[in-house]
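A single structure is presented below for examination.
Since every read-out is calculated from the coordinates, none of them should be taken as a lab result. Keep in mind that what you see is a predicted model, and the values were worked out from it rather than measured. Reconstructed Cβ throughout: ideal geometry from the backbone, glycine too, with neighbour counts over all protein chains shown.
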Amino acid sequence: MNLSLEPMLPADIPDVVRIERESFSTTWPGDAFHTELQTNRLAHYYVGKIDGTVVAYGGIWVIMEDSHITTIAVDPRYRGRKYGELLLVKLLDEAVSRGAAWMTLEVRESNLIAQNLYRKYGFTTVSTRRGYYTDNNENALVMWAGNLKSDLFANRLRSLRSLLPA
């Protein structure tokens, strides 16, 4: 099944909120996504769709040369098919196209699958936010990827992208 990546629209938010609830124990309210789309000029959100159905979403903020992954999730029924990775590549491409040289994110200390994906794309752990997640007081790892504008990063991204499904 081919995943189409498209800018998130207000009509996508009910599906995004459903995936959010199925993916995270602490969730963003639906109005937060509306606010991000309608008033935050730094925000860039995308959905992954199969046959018109939202199965993944993610977003970044780009602030000059810095970018921050605010959220990324895949419908539990569609995990393990590289859709999260395709979305991550889209977010990296978007950040680079908007002039970002750096990208950061927070990830649960227990989420080894996500951490491994981020490391694959050059992210490294730079610090820990103690008790960051309010549902269970779990720590968050702060991960950064740098030199997004470099030839080395571009080559790495191109090489990894070539291994993904079209």
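Restricting attention to region 39-98, which GluC sites (Glu not before Pro) occupy a DSSP loop and are surrounded by at most 14 other Cβ atoms within 10 Å?
Here the sparse-neighbourhood loop sites are GLU65.
What does the charge count around GLY122 come to, taking other residues whose C-beta lies under 15 Å from its C-beta (Lys +1, Arg +1, Asp -1, Glu -1)?
+3
Right, something else. Under 17 Å Cα-Cα from LYS49, which lysines qualify once same-chain neighbours fewer than 8 residues away are excluded?
Excluding near neighbours in sequence, the set is LYS82, LYS90.
Hey, what number do you get for the chain at 222 nm if only DSSP H runs of n ≥ 4 count, each worth -39500 (n - 2.57), divided across all residues, to the nearest 500?
Counting only the DSSP helices, I get -10500 deg cm²/dmol.
At q = 0.13, 0.15 Å⁻¹, work out log10 I(q)/I(0) for region 1-90 with the Debye formula, treating every Cα as an identical point scatterer and leaving solvent out; two decimals please.
Debye curve over Cα of region 1-90, log10 I(q)/I(0) at q = 0.13, 0.15 Å⁻¹: -0.38, -0.51.
To the nearest 20 debye, what is the magnitude of the charge dipole of region 1-157 about its Cα centre, counting +1 on the Cβ of each Lys and Arg and -1 on the Cβ of each Asp and Glu?
Approximately 420 debye in magnitude.
Suppose a student asked you for the relative contact order of region 16-166, using Cα pairs under 8 Å spaced at least 6 residues apart; what percent would you report?
That works out to 18 percent.
Around ASN137, what is the net charge, scoring Lys/Arg as +1 and Asp/Glu as -1 over all other residues with Cβ under 15 Å from its Cβ?
For residues surrounding ASN137, the net value is -1.
Taking a ≥ b ≥ c as the square roots of the Cα gyration tensor eigenvalues, with a/c under 1.5 meaning rounded and otherwise prolate when a/b beats b/c, else oblate, which class fits region 43-123?
oblate
Also: May I ask which residue of LEU5, LEU160, ALA101 lies farthest towards the positive end of the charge dipole of region 4-162, with charges of +1 (Lys, Arg) and -1 (Asp, Glu) on Cβ and the Cα centre as origin?
LEU160
First select every other residue whose beta carbon is under 13 angstrom from the beta carbon of LEU87; then total the charges, Lys and Arg +1, Asp and Glu -1.
+1
Count the DSSP beta bridges whose two residues both fall in region 4-162, then state the antiparallel fraction as a percent rounded to the nearest 5.
Restricted to region 4-162, the bridges split so that about 90 percent are antiparallel.
Moving on to the next point. Given the Cα-Cα distance of ARG18 and ARG119 and 0.36 nm per residue of separation, how much length would full extension add, in nm?
Extra length from ARG18 to ARG119 when fully extended: 33.6 nm.
Which peptide among 16-22, 6-12 comes first, and what is the full order, when sorted by highest mean count of other Cβ atoms within 10 Å?
Those peptides, ordered most packed to least, come out 16-22, 6-12.
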